[in-house]
Each structure stands twice: as structure tokens, then as C-alpha cells.
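As C-alpha cells, the structure follows; a few thoughts come after it.
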Amino acid sequence: MSEHPELALGVMIMLMLQIASLNHSVWLLRDLLLLLAIGKATRLWWLPAQSLAVGEENSPASCFFQACAQGRIDDMRRLLANHPEIMHERDPENGRSALMWACIHNHATGLAAELLEKLADREARDDEGRTALILACKHDCVATAHVLLAAKAAVNVQGDDGYTPLMHASRYGRTALVCQLIAAAGRVEKIEQALTETLSEGHGETARRLIELNPPGQVFNIARVAENVDARPLIRAVLRGDTEQIHRSAVVLAGDESLFQSALALASYIGKEQSVYELLACKPPDRGVDGDRAVIRWTPLMVASARGHSSVVKHLLDAGADLE
């Protein structure tokens with residue numbers, strides 16, 4: 001019975017119910033409610049404590065990973081003091097380190113910081129090629145991502161799936177984290193893919209900051225486009241180079257010059273040649289391709305040139321883009 005406290009608790013509750021039914025005692029019912037409350041609390045602390053019992057089923061490393069994942073800093077310290085070799089061990093199921101487990105839970109920021117102080121490898125990779133920073137951003141753990149950035153974790157890294165920390169943060173619309181990632185890296189890789197992620201999810205403010213922080217600056221009213229629910233199918237089509245969807249949007253594009261210019265600027269920025277070509281094919285004859293210079297500082301031609309998209313530059317010049 002001692003191995004199963006929840007079973008013992010159930011037996012006690014049944015006995016109390018029988019006594020209460022015989023005596024009709026209000027006080028006994030009150031005690032029953034108190035017992036239930038205590039039992040619930042007992043169950044809550046008992047499970048974590050049981051998981052830390054080192055034995056045949058729970059190795060020191062296994063308990064260490066659990067303590068880090070649950071943010072139990074005292075248990076982490078005790079296990080590490082008794083078994084210092086577990087600091088650099090990996091979870092056999094997925095290759096994660098203790099630091100990785102701590103960094104995918106926002107409640108473990110203090111624990112993650114202490115592991116870094118104890119020289120945990122911040123650039124270690126799991127079985128899918130992901131570092132602790134990639135995992136923190138993937139699981140939307142902004143607090144632990146900040147801890148890793150303060151420890152100078154590498155930003156321009158990617159997992160086996162090609163995703164970088166910036167791409168994950170952009171997908172969740174974490175504008176402050178995006179800005180911090182860019183500031184830490186200086187020059188961020190895969191900016192176009194990050195922009196695709198945030199636009200696909202409709203995070204206009206994050207997309208705007210992504211463009212402002214990466215040359216050539218503001219090219220169109222990205223916040224308006226991203227937050228316009230009706231425009232999202234077209235924007236996703238532009239991002240993916242879906243020429244059929246762009247063609248189906250020809251009527252909408254013909255009646256909304258601002259949307260047309262934004263879509264063209266976006267396609268030029270990320271270098272989607274197919275999208276640029278199809279947008280130009282949908283352009284009314286009397287419409288230019290340079291946008292309103294009072295609204296944007298960079299035309300599609302300027303942004304395509306600055307980012308080295310030569311094929312896009314050719315299409316824009318053929319469409320009459322202004323070289324001046």
C-alpha cells in the first residue's frame with residue numbers, strides 16, 4: 001500500500017463515506033473535503049518526487065533531465081553534485097541535453113542560466129540537428145531564448161529541417177525576440193524565409209520590423225498587407241510563387257493599386273521571379289511599377305537590385321521600371 005499512496009487514499013475516502021452515511025455527521029463530511037484537498041496536494045508533490053528516485057528504471061541522467069525540464073533547481077543541483085558526469089550526457093530518446101530540456105520550458109529560466117554558468121554546451125545539437133536556441137524559439141519560449149542570447153548562443157544556425165531561430169520566432173510573431181536575434185547576429189541569414197513565416201501567419205508588426213532591420217529598409221506598407229485578412233491568400237501565393245492563385249486574383253489586383261504595389265515589392269524583396277512575372281502580367285496597362293515614392297523609400301527595382309535578384313530586375317526593367 002505504501003507504494004501506491006493514491007490507492008490508500010481511495011480506501012480512506014470510502015471508509016469516511018461509510019461512516020458519514022451512518023452518523024450523518026456534517027463534521028465528518030467537512031473532514032472528508034479536507035482529506036480530498038490534502039490528497040490532491042499529496043498526489044501533486046508525490047509524482048515528481050517519485051520520478052527523482054534513482055534506481056534501475058531511473059538513472060541519474062534521466063532524473064537530471066526531468067528536473068531540468070520541470071525547473072526544479074534544487075533537485076538539479078543535488079543530482080549534479082552527486083553525479084557531475086551527467087552534465088554532458090544526452091537523452092537517448094532524442095539526443096537532447098539538460099540545457100535543451102530547460103530551454104523548452106519558460107519556467108526554467110533560472111535553471112537554464114545556472115546550467116550555462118556551469119559551462120553547459122550551448123551549441124550542442126540534438127538528433128535533429130537543433131541547438132538549445134533553436135528549440136527555445138521553436139517552442140515559443142521567449143524567456144529562455146533571452147537567457148541563451150545573453151550567453152552569446154549562435155543565431156545563424158539551422159536544424160536538419162532548415163529552420164533557424166529567427167524563422168521560428170517570426171512564425172510566432174515575437175517582434176521583440178526577432179529584433180534581439182537580429183541585433184545579436186549582426187547579419188541574419190534566411191531573412192526571406194523568416195519573412196515568409198511571419199507573413200503567412202499574419203504578423204504585420206513583426207514583418208515590418210524584419211524589413212526595417214534588414215537592408216534596404218521599408219519598401220511597402222507590410223503591416224497593412226499582413227493584417228488584411230482578404231489579402232492573405234494573395235500574399236501567400238506571392239510568397240510561394242503560386243502563379244495560378246495570383247492569376248485568379250487579377251481582378252482584385254486591378255482594383256487595388258496599393259495591394260498590387262505591396263505584392264510586387266514583396267515578391268521583389270524575396271526574389272520570387274515567378275510571382276513578379278505573373279504580377280506584371282496582371283498589371284493594367286496604365287499602371288506603373290515604381291509605387292508611390294511619397295509612401296515608400298525603395299521601389300521594387302531598387303530593392304531587387306539591392307538584394308541581388310538579377311532575374312527580377314530584368315522583368316521589372318522590361319515592364320518599364322524607372323532607372324532614375
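Observations on the model:
- Looking only at the stretch 263-288, residues that are aliphatic (A, V, I, L, M), free of Cβ contacts under 8 Å to residues at least 40 places away in the same chain and farther than 11 Å from ALA319 by Cα come to 2 in all.
- Any hit, the stretch 117-125, residues being more than 14 Å from the chain's Cα centre (by Cα), in a helix (DSSP H, G or I), at pLDDT 85 or above and not hydroxyl-bearing (Ser, Thr, Tyr): yes
- Residues of the stretch 152-176 satisfying the condition of being closer than 21 Å to ASP91 by Cβ, in contact with a helix residue (DSSP H, G or I) (Cβ under 6 Å, 6 or more places away or on another chain) and surrounded by fewer than 24 Cβ atoms within 10 Å (Cβ to Cβ): ALA153, GLY159
- Enumeration of residues in the stretch 269-319 that are touching a Phe, Trp or Tyr at 6+ places or on another chain (Cβ under 6 Å) and at pLDDT below 80: ILE296, VAL303
- Residue check for VAL225: at pLDDT 80 or above and not in a loop (DSSP other than H, G, I, E, B): no
- Any hit, the stretch 131-142, residues being at positive phi and more than 13 Å from the chain's Cα centre (by Cα): no
- Against the numbered list (1) within 20 Å of MET87 (Cβ to Cβ); (2) within 12 Å of the chain's Cα centre (by Cα), LEU111 comes up short only at (2).
- Residue pairs whose Cβ atoms lie under 6 Å apart, sitting 6 or more positions apart in sequence or on different chains, and linking a residue in the stretch 133-147 that is charged (D, E, K, R) to a partner that is in a helix (DSSP H, G or I), are LYS138/HIS168.
- Among the candidates ALA151, ALA207, the residue that is at pLDDT 85 or above and either small (Gly, Ala, Ser) or over 13 Å from the mean Cα position of the chain (by Cα) (or both) is uniquely ALA151.
- Residue list for the stretch 170-196, filter: assigned to a loop (DSSP other than H, G, I, E, B) and not hydrophobic (A, V, I, L, M, F, W, C): TYR172, GLY173, ARG174, GLY186, ARG187, GLU189, LYS190
The values are calculated or read from the model by the stated rules, or taken from the named source; none is laboratory data. This one's a predicted model, so the numbers in the text were calculated from it and none came from an experiment. Because the Cβ atoms are built from the backbone with ideal geometry, glycine has one as well, and the counts that use them run over all protein chains shown.
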